[in-house]
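See below for the structure under consideration.
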Amino acid sequence: MPRGYVIDADGIRKLREDHEILRKRIIHLEQKLTGAVGAGVRLDREFAKVTTQIGQRVTTTLGSGKADLYKIDKTDGTFAKIDDSSVDVYNSSLVPVPIDAYVRISRNFRSGLWMVDELQTAVAKAGASGVTARSGTTAGSGTVSIYYIASGVLTDSGEDVAVVNMSATAVANNAYITIKRCSLDEEWIVDAEDCG
């Protein structure tokens, strides 16, 4: 009879499960470490302030720009710039991200590039033709210019996007509106119109 223990298939399966649990716990603990950059742990999510406008995606080419990384004090929620932390950031959205915007960014696993988390809303201005109304099950449509607010002033970003309108009321020409992104596809939908 052999000395010690014999491991059968169930024992091996249990060892693999325990190994996976331990591996996940180690990754979780590594991500919680402060000052992890010096410890050789690759950060994968950050809070950043845009320093050069991050352009919109054009077909299959990502928009790009620059941002500074910020650290957040977990005791009081204040945040401050991390010295020498400028990074290149890429954008898969059809809306550019303006200078001075605070955004969450995450690292793409395959490429290692920093990506802006998906933008879901934007301020826009309807074109000279406005946005047509929905007719039955056919959504209205139109083209709008993306705006951002700089020191309280609505500023044209120079980017235009196509939008659809779910309302039975058309959007007036040159009206300021908000748009939001449908989570099931890449359509921008009219959310609210300035009725004043």
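Every read-out reported here was derived from the displayed coordinates using simple, explicitly stated rules and does not represent laboratory data. Keep in mind that this is a model prediction, so the values were computed, not measured. Every residue, glycine among them, receives a Cβ derived from its backbone with ideal geometry; neighbour counts consider all protein chains shown.
In Å, what Kirkwood hydrodynamic radius results for the chain from the alpha-carbon pair distances?
Values: mean 1/r = 0.0493 Å⁻¹.
Averaging 1/r across every pair of different Cα atoms and inverting gives 20.3 Å.
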Projected label distance in nm at residue 118 and residue 87, using a 7 Å step from Cα toward the beta-carbon: 2.0 nm
Inter-label distance for residue 174 and residue 9, nm, one decimal - labels placed 7 Å from Cα along Cα-to-Cβ: 7.7 nm
Pairs of lysine residues in the chain - Cα separation under 17 Å, sequence separation of 8 or more or cross-chain: 10
Long-range amide H partners of residue 164 with built H, under 5 Å: 188, 189, 190
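Would you please calculate the Kirkwood hydrodynamic radius of the range 92-162 over all C-alpha pairs and express it in Å, rounded to one decimal? List each step's numbers first, then the result.
Numbers: mean 1/r = 0.0693 Å⁻¹.
Value: 14.4 Å, from the Cα pair sum.
Could you work out the relative contact order of the chain, using alpha carbon pairs under 8 angstrom and six or more residues apart, expressed as a whole percent?
Answer for the chain is 14 percent.
Just add up the charged neighbours of residue 49: K/R +1, D/E -1, any other residue whose Cβ is under 11 Å from the Cβ of residue 49. Mind dumping the intermediate values first?
Working: positive: 66, 81; negative: 46, 68, 100.
Taking every other residue near residue 49 into account, the sum is -1.
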Crossing angle, helix 9-32 versus the chain [Cα axis fit, 0-90 degrees, rounded to tens]: 50 degrees
